[in-house]
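This report refers to the structure that appears directly beneath it.
The values are calculated or read from the model by the stated rules, or taken from the named source; none is laboratory data. Everything numeric here is computed off the predicted structure, so don't read it as measured data. Here the Cβ positions follow ideal geometry from the backbone for every residue, glycine too, while neighbour counts run over all protein chains shown. Areas reflect the complete protein model, heavy atoms only, side chains present, ligands, DNA and RNA absent. Shrake-Rupley method; radii C 1.70, N 1.55, O 1.52, S 1.80 Å.
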Amino acid sequence: MADKQISLPAKLINGGIAGLIGVTCVFPIDLAKTRLQNQQNGSRLYTSMSDCLIKTIRSEGYFGMYRGAAVNLTLVTPEKAIKLAANDFFRHHLSKDGKITLFKEMLAGCGAGTCQVIVTTPMEMLKIQLQDAGRIGKRRSNLAKTALFVTLLAAGTVEMKSPTAMQITRQLLREKGIAGLYKGLGATLLRDVPFSIIYFPLFANLNNFGKRGAEGPAPFYVSFISGCVAGSTAAVAVNPVDVIKTRLQSLTRGNTEDTYAGVTDCIRKIMRNEGPSAFLKGAYCRALVIAPLFGIAQVVYFLGSCKTKTQPSLNLMS
């Protein structure tokens, strides 16, 4: 089976490099996605992805688009390492005579997605706070002339200075222990497990169409296209859960914005106050993030695999 023709250390190194490059390229779009998903009716600052990015650059500078990127870049390698190792493990034990059925591919993806949340949940928990800090800061600056803001500021209800990742981590550990970093774990599982179930089999089968002969690897551009199509398809499919996860993991909100007690409470309040269309917020941003991220990752992984004179794995990341 092609998955076993490249060593695990090489896969982890290639996957890590691919993840770093991919995240760097698409992070501004991911920031726009988070801010759009966190917007509630009556507190809209951005009308679209482009409007969000333009306003972010104007108010926070170019590097404002990379708020939270350090957390993502630090943890993306172990996240993908766990994903790759878990997916290979499950595929190996579910395959028979070097072949694996579609259903078992989905099971392997399910197992890999479940293992991934060990790193994904705290990574996204911290990233979301940093990404959304600019939106919260902008709303507060809009309230600066009102008596309400002055009252809240005097009472210590609002904090003007944006927190750092270390400050957020220390506060969560101090107040809630390790469980504080895993807020939204259930929603993360509900997003990442279905994503992996869709992505892994879809990418593998699309990539197989471009193979050169029965055993030859697919050209890098086929892997790129396959990664884009499979990634964006899976991303849009699970976007409603991504909206829920983002809302649950946002610790700081405007004084007029809803807070949520859990997944069920979040679904109920979004349906009541914003309607079903709110679950599609940021869907096109998420597709634009995932498509090039997976495409870039597959090409980088392909090139890294070629240097080892082996075939690339069909299952890189999700």
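Scan the stretch 174-207 residue by residue and report those that are in contact with a helix residue (DSSP H, G or I) (Cβ under 8 Å, 6 or more places away or on another chain) and among the acidic types (D, E). Walk me through it before giving the result.
Initially, the stretch 174-207 is screened for residues in contact with a helix residue (DSSP H, G or I) (Cβ under 8 Å, 6 or more places away or on another chain), giving 180-207.
D192 - this is the single residue of the stretch 174-207 that is in contact with a helix residue (DSSP H, G or I) (Cβ under 8 Å, 6 or more places away or on another chain) and among the acidic types (D, E).
So, of the residues in the stretch 43-84 that are over 19 Å from the mean Cα position of the chain (by Cα) and farther than 28 Å from A278 by Cβ, which turns out to be most open to solvent (accessible area, probe 1.4 Å)?
Looking at residues that are over 19 Å from the mean Cα position of the chain (by Cα) and farther than 28 Å from A278 by Cβ, I get F63.
Only residues in the stretch 241-255 that are over 18 Å from T169 (Cα atoms) count as the first member; pair them with residues that are modelled with pLDDT under 90 and in a helix (DSSP H, G or I), Cβ under 6 angstrom, at least 6 apart or cross-chain, and list the lot.
G254/R139
Among the residues of the stretch 45-62, are any over 18 Å from R286 (Cβ atoms) and of a type in the set (G, A, S)? Walk me through how you get there before you give the answer.
So the first thing to find is which residues in the stretch 45-62 are over 18 Å from R286 (Cβ atoms), and the list is 45, 54-55, 57-62.
Now narrow it down to the ones that are of a type in the set (G, A, S): 59, 61.
Yes, the stretch 45-62 contains at least one residue that is over 18 Å from R286 (Cβ atoms) and of a type in the set (G, A, S).
Only one of these conditions is not met by S223: (1) crowded, with 21+ Cβ neighbours inside 10 Å; (2) at pLDDT 85 or above. Which number is it?
That leaves (2) as the condition not met.
For T114, state whether it is under 23 Å from Y182 (Cβ atoms), without any contact (Cβ under 8 Å) to a residue 60 or more places away in the chain, among the polar types (S, T, N, Q) and assigned to a helix (DSSP H, G or I). Walk me through it before giving the result.
On the way: under 23 Å from Y182 (Cβ atoms): yes; without any contact (Cβ under 8 Å) to a residue 60 or more places away in the chain: no; among the polar types (S, T, N, Q): yes; assigned to a helix (DSSP H, G or I): yes.
No.
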